[in-house]
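Beneath this line is the structure, given in structure tokens, with notes to follow.
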Amino acid sequence: MPYYKPLPVISPDTKPFWDAARRHELRLQRCRACGAMWFPPAAVCSNCLATGVEWVKVSGRGKVDSWVIFHQAFFPSFAEELPYNVAVIELEEGPHIVSNLVGVRNEDIRRGMPVEVVFEDVTPEVTLPKFRAVGGA
Amino acid sequence: MPRYPVKDQTAICGVGTTEKFGAFPDKTLLQMAGEAFREALADCGLNKEDIDGIVVMGFGSDRFDFDRVAPALGIKPRFCGQTWLHGRFMGPSIQWAAMAACTGMADCVACFWATDGRSHPIVWGGASDTEGTRPGGGPHIEFPEYGMTSPGAGFAMLMKRYLLKYGYTSRDLAALSVAQRKWAQLNPLALMHKPLTVEDYLAARYVVEPLRLYDYCPTADGAICIIITTAERARHLKKPPVYISGMSGLGIGRLDHSDMLGYSRPYSDRRLAETVFGMAGVTHKDIDALYAYDSFSPMPLFSIEEYGFCPPGEVLRFIQGGRLEPGGELPFNTNGGQLSESFQIGWGHHVELVRQLRGEAGARQVKNAGLAMYIGLDSATIFRR
């Protein structure tokens with residue numbers, strides 16, 4: 001089925017994140033020297049400037065910190081889904097990540113609600129991590 | 001050398017705008033800039049031959065570059081600054097001009113802004129927003145693959161968290177747009193003069209919830225020119241100088257690696273506030289009129305809080321009861337802000353604060369206005385009569 005929505009721009013820094021997503025894994029970077037973790041990806045640790053960063057699999061669990069509901073389609077490819085949500089999720093490991101919440105009505109979203117990652121294979125090359133309520137379908 | 005060599009050493013000596021902000025489909029950016037330039041020169045009594053520096057920012061259907069603007073307006077600069085469209089660069093445009101004049105790199109710097117966003121509208125976000133597609137998120141937390149796009153949506157995300165964290169509602173948020181409209185009604189340059197009530201605000205459609213129509217500003221065509229010179233020179237020109245007394249910025253709103261999304265506002269890094277107040281030698285209590293960049297309503301709210309005009313978590317209480325309105329305790333965005341004047345990204349605020357400090361603001365005049373401050377996320381400037 002053709003996919004018309006924008007695809008993520010995959011750069012050398014972000015490629016490992018998207019390769020992991022294709023394997024249905026959520027991976028973040030962690031600094032080998034100081035243990036800091038962060039999102040979005042960056043090649044250098046902004047805490048201690050070490051370049052020895054590793055990609056670690058995270059639990060995929062987190063909680064909703066904030067969200068918005070789009071009532072206007074800035075991308076025509078999203079028009080059919082109006083009104084749609086975008087959320088900032090605070091992962092268990094600390095960093096925040098942006099994604100869509102799936103399987104939940106917009107009016108039922110609550111700050112602090114526990115969520116877990118699910119993976120949507122949108123094209124043969126690209127998988128998007130999204131989040132559903134823990135215990136959701 | 002003093003710690004703050006630029007303090008009070010330069011002044012805004014002239015301001016000019018197109019006669020109105022509105023829809024001018026037959027005018028180009030350069031043409032509108034020419035109108036504003038003539039007004040600004042007449043305002044201070046300088047000739048174009050006196051202008052030896054420029055700072056240029058523009059946005060629209062045509063390239064508004066320093067090396068087109070200068071020749072088109074007959075200017076021969078020995079100092080040039082150029083920026084692309086981001087509201088955050090507006091305050092610094094004036095600051096760079098002040099630094100140039102203070103160091104002797106220029107004597108008289110003309111700063112230019114022009115826009116034709118009403119006649120040549122764009123979608124703010126979506127496929128045309130290439131900055132929003134940069135990997136790792138755009139400057140307003142854009143992630144197009146999830147439908148997260150447009151600058152307003154980034155601030156909507158921050159506002160939602162703030163509303164939830166401190167227990168506020170949309171009704172509390174309405175007070176800002178309502179206040180701005182009251183000032184706009186007194187401003188001939190403002191686009192929006194119709195009265196706006198809290199009920200009008202709440203009845204309007206959501207754009208990116210929790211932000212509604214009146215949390216966004218209208219676009220308009222127009223141009224503005226602001227001329228800065230040394231304090232000494234300004235004292236010999238037509239109008240009372242508006243001295244640039246304190247400056248800070250640019251910050252980037254990202255505190256540490258855990259906040260690479262730029263998601264931390266309002267934040268507790270006080271250095272920008274300490275620098276601008278420290279340089280001017282004043283506190284927030286001394287500010288007679290406050291201006292804050294307001295493409296979307298969360299921006300000026302965070303500015304008010306981040307610079308200490310109210311305690312953390314209190315801004316939506318602070319703005320109730322008409323505090324920011326004509327006759328209120330803290331005259332705020334007395335031009336109506338972008339929210340009601342139009343999208344001139346802070347240039348209109350600067351023209352207004354100059355007029356206030358000179359005593360030229362007519363029906364909007366703040367009594368005994370001696371100190372004004374502009375906060376631009378993430379810069380700030382304090383101006384003194």
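Inspection of segment B:219-241 identifies no residue that is within 14 Å of chain A (Cβ to nearest Cβ), more than 21 Å from the chain's Cα centre (by Cα) and touching a residue at least 24 places away in the same chain (Cβ under 8 Å). Taken over segment A:90-119, the criterion of being without any contact (Cβ under 8 Å) to a residue 12 or more places away in the chain and over 19 Å from B:Lys165 (Cα atoms) is satisfied by A:Arg105 alone. Within segment B:98-113, the set of residues being within 19 Å of B:Leu237 (Cβ to Cβ), touching a strand residue (DSSP E or B) at 6+ places or on another chain (Cβ under 8 Å) and outside any strand (DSSP E or B) comprises B:Ala98, B:Ala100, B:Ala101, B:Cys102, B:Ala106, B:Asp107.
Name the single residue, out of those in segment B:114-138 being assigned to a loop (DSSP other than H, G, I, E, B) and more than 9 Å from chain A (Cβ to nearest Cβ), that is surrounded by the most Cβ atoms within 10 Å (Cβ to Cβ). This residue is B:Gly138.
Give the residues of segment B:1-49 that are of a type in the set (Gly, Ala, Ser) and assigned to a helix (DSSP H, G or I), sorted by residue number. Once the filter is applied, which keeps residues that are of a type in the set (Gly, Ala, Ser) and assigned to a helix (DSSP H, G or I), segment B:1-49 yields B:Ala33, B:Gly34, B:Ala36, B:Ala40, B:Ala42. Beta carbons closer than 7 Å, at least 6 apart along the sequence or on distinct chains, pair a first residue in segment B:172-196 that is part of a loop (DSSP other than H, G, I, E, B) with a second that is modelled with pLDDT of 95 or more and β-branched (Val, Ile, Thr) for B:Leu189/B:Thr17; B:Leu196/B:Val178.
When we screen A:Ala79, A:Ala20, A:Ala87, A:Ala33 for residues that are of a type in the set (Gly, Ala, Ser), in a loop (DSSP other than H, G, I, E, B) and either more than 8 Å from chain B (Cβ to nearest Cβ) or over 29 Å from B:Leu213 (Cα atoms) (or both), the only hit is A:Ala33.
Sort through B:Val282, B:Val366, B:Val351 and tell me the only one that's closer than 17 Å to B:Ile244 by Cβ and either in a loop (DSSP other than H, G, I, E, B) or at pLDDT below 95 (or both).
B:Val282 is the lone residue from the list that is closer than 17 Å to B:Ile244 by Cβ and either in a loop (DSSP other than H, G, I, E, B) or at pLDDT below 95 (or both).
Being part of a loop (DSSP other than H, G, I, E, B), under 29 Å from A:Glu80 (Cβ atoms) and either without any contact (Cβ under 8 Å) to a residue 12 or more places away in the chain or within 10 Å of chain B (Cβ to nearest Cβ) (or both) is a property that holds for A:Pro2.
Determine if segment B:89-104 includes at least one residue that is surrounded by fewer than 15 Cβ atoms within 10 Å (Cβ to Cβ) and of a type outside the set (Val, Ile, Thr). Yes, segment B:89-104 contains a residue that is surrounded by fewer than 15 Cβ atoms within 10 Å (Cβ to Cβ) and of a type outside the set (Val, Ile, Thr).
Determine whether segment B:303-312 contains at least one residue that is out of contact with any Asp or Glu (no Cβ under 9 Å at 6 or more places or on another chain), of a type in the set (Val, Ile, Thr) and in a loop (DSSP other than H, G, I, E, B). No, segment B:303-312 has no match at all.
The values are calculated or read from the model by the stated rules, or taken from the named source; none is laboratory data. These numbers come from a predicted model, not from an experiment. For neighbour counting, all protein chains shown are included, and Cβ atoms are generated from backbone atoms with ideal geometry for every residue, glycine included.
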